[in-house]
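Below is one structure, written out as C-alpha cells, with a few remarks after it.
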Amino acid sequence: MTNQPSTGENAAPSTAPDQPTGEVVHPEPTTRQQASAYMSGSVANMIRSVVVIVAIMALFMVMAPRLQPDHSRVDTVETAQQLHDSTGLAVSVPTGLPDGWVATRAEYRRGADRLMTWHALYETPDGDVVALNQTLDATDVWIDQTVNRTEATGERDVAGTTWQEYTREGTMPQRSLVERGAEGRLATVVTGDAPWEMLEVFVAALTPVTGT
C-alpha cells in the first residue's frame, strides 16, 4: 500500500518563516516614552493655565478703579435741606470737618422701631466709619437698636452738651454718643468704630440745617 501525504490536524507545523502581509507594525511605546509625552502635555497645560490667570489678573487691575464706589455725588447738606423743606425737620449735618472726612451716604429712611430716621454715613481720614442718626420722639427701642445694644458706660461733655456714652470694645468695637432730646425734638445718635476723639470732632461740627 502506498502511503499518502498526511493532511489536516496531524500535519507537521511548517518551519518556513512567516511571509509579509503588507501591514506596518509599529512598536509599542515604552514606559519612558509614555511618561515623557504625559509630562509634555502637563507642562503645556500648566503654561496655558498661567497665561489665563495672568490675563484675568490684568483685566481685574484695569477694572478695579472703576469698581470703587464713587462718593463724589453724596451731598449731605443738599439732602438735609431737601428733607427740611419737605418735612420741616431741622436735621443736622457736620460742617467744617477737617480734610479727609468723606460722606458716603445720606438718606431719610425707616429705621429702628419703624421710626423715620435721618441717616448720614461718613468715613474718617483713617478709614473708620461714623454714622449720624436722628429721629423725632425717639423710643427706647430706637436708641437701643441704633447703638446696636451696646452698654451705657457714662457721660461725655461735647461742645457744652452732655452726651450719653455707649460702648462695646473688643474685636468689633462700637462707640456711640447719644443726645436724647426733649419731647417733640430730634434725638441724635452718633455711632461707629472710630475713636472717641473722632466722634467728638464729628459731634462738635453738627449744625442744624435751615432749608433753602
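The values are calculated or read from the model by the stated rules, or taken from the named source; none is laboratory data. Bear in mind the structure is a predicted one, so any value in this text is a computation, not a measurement. For neighbour counting, all protein chains shown are included, and Cβ atoms are generated from backbone atoms with ideal geometry for every residue, glycine included.
For region 105-143, give me each residue that is within 22 Å of Thr207 (Cα to Cα), small (Gly, Ala, Ser) and free of Cβ contacts under 8 Å to residues at least 60 places away in the same chain.
Ala106, Gly111, Ala120, Ala138 - these are the residues of region 105-143 that are within 22 Å of Thr207 (Cα to Cα), small (Gly, Ala, Ser) and free of Cβ contacts under 8 Å to residues at least 60 places away in the same chain.
Are any of the residues in region 119-127 β-branched (Val, Ile, Thr) and at pLDDT below 95?
Taking region 119-127 first, the residues β-branched (Val, Ile, Thr) are 124.
Narrowing further to those that are at pLDDT below 95: none.
Taking every residue of region 119-127 in turn, none turns out to be β-branched (Val, Ile, Thr) and at pLDDT below 95.
Condition first: surrounded by fewer than 12 Cβ atoms within 10 Å (Cβ to Cβ) and in a strand (DSSP E or B). Now tell me which residues in region 123-154 satisfy that.
Kept after step one, since they are surrounded by fewer than 12 Cβ atoms within 10 Å (Cβ to Cβ), are these residues of region 123-154: 126-127, 140, 149, 151, 154.
The answer is Glu151, Gly154.
Out of region 180-210, which residues are over 19 Å from Val129 (Cα atoms) and either assigned to a strand (DSSP E or B) or touching a Gly at 6+ places or on another chain (Cβ under 9 Å) (or both)? Show your work before the answer.
Pass one, region 180-210, residues over 19 Å from Val129 (Cα atoms): 180-187, 207-210.
Within region 180-210, Leu186, Ala187, Thr207, Pro208 meet the criteria.
Can you tell me which residue within region 85-106, out of those that are small (Gly, Ala, Ser) and assigned to a strand (DSSP E or B), is farthest from Glu179 (Cα to Cα)? Before the answer, list the steps.
So the first thing to find is which residues in region 85-106 are small (Gly, Ala, Ser), and the list is 86, 88, 90, 92, 96, 100, 103, 106.
Still in the list and also assigned to a strand (DSSP E or B): 92, 103, 106.
Numbers: Ser92: 13, Ala103: 22, Ala106: 20 Å.
That would be Ala103.
Select from region 190-212 the residues that are closer than 14 Å to Thr161 by Cβ and surrounded by fewer than 21 Cβ atoms within 10 Å (Cβ to Cβ) and list them in ascending order. Give the derivation first.
In the first step, residues of region 190-212 are kept if they are closer than 14 Å to Thr161 by Cβ; the result is 190, 199-200, 202-208.
The answer is Glu200, Ala204, Ala205, Leu206, Thr207, Pro208.
How many residues are over 21 Å from His119 (Cβ atoms), in contact (Cβ under 8 Å) with a residue 24 or more places away in the chain and under 25 Å from the mean Cα position of the chain (by Cα) if we restrict to region 144-199?
1
What do you reckon, is Arg109 touching an Asp or Glu at 6+ places or on another chain (Cβ under 8 Å) and part of a strand (DSSP E or B)? First the steps, then the outcome.
Values: touching an Asp or Glu at 6+ places or on another chain (Cβ under 8 Å): no; part of a strand (DSSP E or B): yes.
So Arg109 fails the test.
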